[in-house]
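Undergrad: Supplied in structure tokens, the structure appears directly below.
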Amino acid sequence: MKPKPCTAFRRIFSANAAYVFLAGGLVVGCVALAHCAGLTICPVKRWLGVPCPTCGATRAFALLLHEEIRDAFELQPLVMALACIALPLLLMFRIVFGKQRMRKLIATASKSPTFWCIAAFMTLANWAYVIARGN
């Protein structure tokens, strides 16, 4: 008896989710070891000598977890703004309006040139800040 397509998809998705979780754990472990050893793991910073746009995001999240919110925002303003403002708003929108409307919102936004221009500007502004700060 052949499984239903939905059931087969769920099995594949579950297996892939497990692999993603395992890979994420390995990455976090490697980052932690490199940090403890004092190594720079960012290839952009290592090869080009300038920090990448998200340089300091891991340290900023660590500061956020230690309730040092001001220091986290000073270290990485864009990532912290997304983590503290955008993600909770999207989660609330998802809970209030439902999955289908959320998908429609994301699909509409991802096709908008204005959205991508704003995202590019914010990323470049954040990158300039990170470089000027010398992360």
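Undergrad: Would you compute the Debye intensity of region 46-135 from its alpha-carbon atoms alone, equal scatterers and no solvent, and pass along log10 I(q)/I(0) at q = 0.14, 0.16, 0.25 Å⁻¹ to two decimals?
TA: -0.63, -0.77, -1.16
Undergrad: Restrict the search to region 34-128; then list the trypsin sites (Lys or Arg not before Pro) that DSSP places in a loop and that have at most 11 other Cβ atoms within 10 Å of their Cβ.
TA: When the trypsin sites (Lys or Arg not before Pro) of region 34-128 are filtered for loop state and at most 11 Cβ neighbours within 10 Å, Lys111 remain.
Bear in mind these aren't lab numbers, they're just calculated from the coordinates by the rules spelled out. Keep in mind that what you see is a predicted model, and the values were worked out from it rather than measured. So basically every Cβ, Gly included, is an ideal-geometry build from the backbone, and we count neighbours across all protein chains shown.
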